[in-house]
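Structure, as structure tokens:
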Amino acid sequence: MPTIKQHYPNAISIRELEQKITSELNLHGFILSRTIWGTSICADEVNNSFNLFSKLFAGPGPFRFGGISGYPFTGKTGIAAFASHIPDKGGAFILYGPHIGISKDGKLGVMHRQRQKMSSANCGSLVAGLNAIKEQTSFSSYSDSDYQQERVVNTLGRFKDEILAAEHPLKTSTEKMYDSIHQDFNEMLENSSKILSGYKVYLMGGILINTDWDKEDYFDIRGKKVLDFT
């Protein structure tokens, strides 16, 4: 799809991503049958295409760290739970990042979902967050009713001027959310050395590009590394 390559020239298909993950885990000495996996990807059901990876790893997977927008809302408690599931003499793989829709007719920020007449927003959380900062909505504290979205709005609000001045504000919002997920999740994991003691964790971050329901999704890899706690 030309629009995907225009905005994300290095993006690869999900099938290519699966092959790359398999190759790199083997290269770094991970035994796939003893490796569990997790994601910090938005809760949107269109992201369940990653469930196809379950045949690669131990257990049904994935462990889901991400809430709306893909931010790792499970925090350190989630990391501790995930660590306790790693097979003996095994390791872990984690894929993380936000997502954005690109429809097959080239529209950014939307996709056509199965059995719907009209295309809908994607990522809906980031679209709502972008609208909130346009309207100068802010949240001074988190509430029980919508604390995840409040975190999204506060994150985007830190970059309001840059986002609103951008040629494609939603794309820039997605980039800023990736930066936040990347920084915070990596810090959570690096500060969990005791919890993850004895294991290696392979991290791969990027931006998931959702296409219309009858087309294959893509992933733009932005960072990858091995955290070795052995």
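The values are calculated or read from the model by the stated rules, or taken from the named source; none is laboratory data. Keep in mind the model is a prediction, meaning the values are calculated, not measured. Counting neighbours? That spans all protein chains shown, and the Cβs are built from the backbone with ideal geometry, glycine included.
Scan (1) touching a helix residue (DSSP H, G or I) at 6+ places or on another chain (Cβ under 8 Å); (2) touching a residue at least 40 places away in the same chain (Cβ under 8 Å); (3) in a helix (DSSP H, G or I); (4) farther than 25 Å from residue 148 by Cβ for the single condition residue 15 breaks and write down its number.
It fails just one condition, (1).
With surrounded by 18 or more Cβ atoms within 10 Å (Cβ to Cβ), in contact with a Phe, Trp or Tyr (Cβ under 7 Å, 6 or more places away or on another chain) and not in a loop (DSSP other than H, G, I, E, B) as the only criterion, which of 176, 171 stands out? Give the derivation first.
On the way: 171 fails: in contact with a Phe, Trp or Tyr (Cβ under 7 Å, 6 or more places away or on another chain).
After applying the criteria, what remains is 176.
Could you run through segment 39-78 and say how many residues are more than 21 Å from residue 152 (Cα to Cα), out of contact with any Gly (no Cβ under 6 Å at 6 or more places or on another chain) and surrounded by 19 or more Cβ atoms within 10 Å (Cβ to Cβ)? Give the steps one after another, and end with the answer.
If we filter segment 39-78 for residues that are more than 21 Å from residue 152 (Cα to Cα), which is where we start, we get 48-63.
Among the residues that remain, those that are also out of contact with any Gly (no Cβ under 6 Å at 6 or more places or on another chain) are: 48-53, 55-61.
Of the ones still in play, those that are also surrounded by 19 or more Cβ atoms within 10 Å (Cβ to Cβ) are 50, 53, 57-58, 61.
Qualifying residue count, segment 39-78: 5.
Any idea how many residues of segment 55-98 are at positive phi and in contact (Cβ under 8 Å) with a residue 60 or more places away in the chain?
The first filter runs over segment 55-98 and keeps only residues at positive phi, leaving 59, 61, 69-70, 75, 89, 97.
Pick out the ones that are also in contact (Cβ under 8 Å) with a residue 60 or more places away in the chain and you get 69-70, 75, 97.
Matching residues across segment 55-98 total 4.
In segment 89-121, which residue that is at pLDDT 95 or above and assigned to a loop (DSSP other than H, G, I, E, B) is surrounded by the fewest Cβ atoms within 10 Å (Cβ to Cβ)?
90
Out of (1) surrounded by fewer than 18 Cβ atoms within 10 Å (Cβ to Cβ); (2) under 19 Å from residue 201 (Cα atoms); (3) modelled with pLDDT of 95 or more; (4) of a type in the set (A, V, I, L, M, F, W, C), the odd one out for residue 82 is which?
The number of the failed condition is (1).
Assuming residue 30 fulfils every condition listed in (1) surrounded by 14 or more Cβ atoms within 10 Å (Cβ to Cβ); (2) within 23 Å of residue 210 (Cβ to Cβ) apart from one, which condition is it?
Condition (2) is where residue 30 drops out.
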